[in-house]
Amino acid sequence: MFGRSPAFASAEQLFEATRGLVSELRSGGDAFAADELEAGMRCLNGLTDGWALFLESIERVRVSNPLMPNQKARLEDIRKDVHRIVYRR
């Protein structure tokens, strides 16, 4: 699942990074992005469809929210790994 140069070595690292970003977004007043990412994480059910729903949440945040450059980079790392999981590439 976490092969081919992933940003995270495990799902737990990916979740920790996402929770950290959510916390930072919430404390910065970006409730939409924080809520959207949390909602996406709640969709994770161990199956590909849950990961696909999480990816959709990430995409909504990415296209509809102005993030700080460091937040964009972290979100992109998360997005790449989730995309790899969904599409097995």
**Message:** Taking 0.36 nm per residue of sequence separation and subtracting the Cα-Cα distance, how much length would be gained by fully extending the chain between Phe15 and Asp49, in nm to one decimal?
**Reply:** 10.5 nm
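Considering Cα pairs under 8 angstrom that are at least six residues apart, work out the relative contact order of the range 20-89 and quote it in whole percent.
Averaging sequence separation for qualifying contacts and normalising by length gives 28 percent for the range 20-89.
Could you give the length gained by full extension between Val63 and Ser23, i.e. 0.36 nm per residue of separation minus their alpha carbon distance, to one decimal place?
On the way: separation 40, 0.36 × 40 = 14.40 nm, distance 1.96 nm.
Extra length available between Val63 and Ser23 comes to 12.4 nm.
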**Request:** Project the alpha carbons of the range 5-49 onto their principal axes and report the range along each, largest first, in whole Å.
**Result:** 30, 22, 14
**Item:** Shape metrics for the chain, restricted to C-alpha atoms - Rg then Dmax, Å
**Value:** 12.0, 35
**Prompt:** Within the range 1-50, which trypsin sites (Lys or Arg not before Pro) sit in a loop by DSSP and count at most 15 neighbouring Cβ atoms inside 10 Å?
**Reply:** Arg4
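Each reported figure results from applying straightforward, stated rules to the coordinates on display, with no laboratory input. Note that this is a predicted model, so its numbers are computed, not measured. Ideal geometry is used to build each Cβ from the backbone, glycine not excepted, and the neighbour counts take in all protein chains shown.
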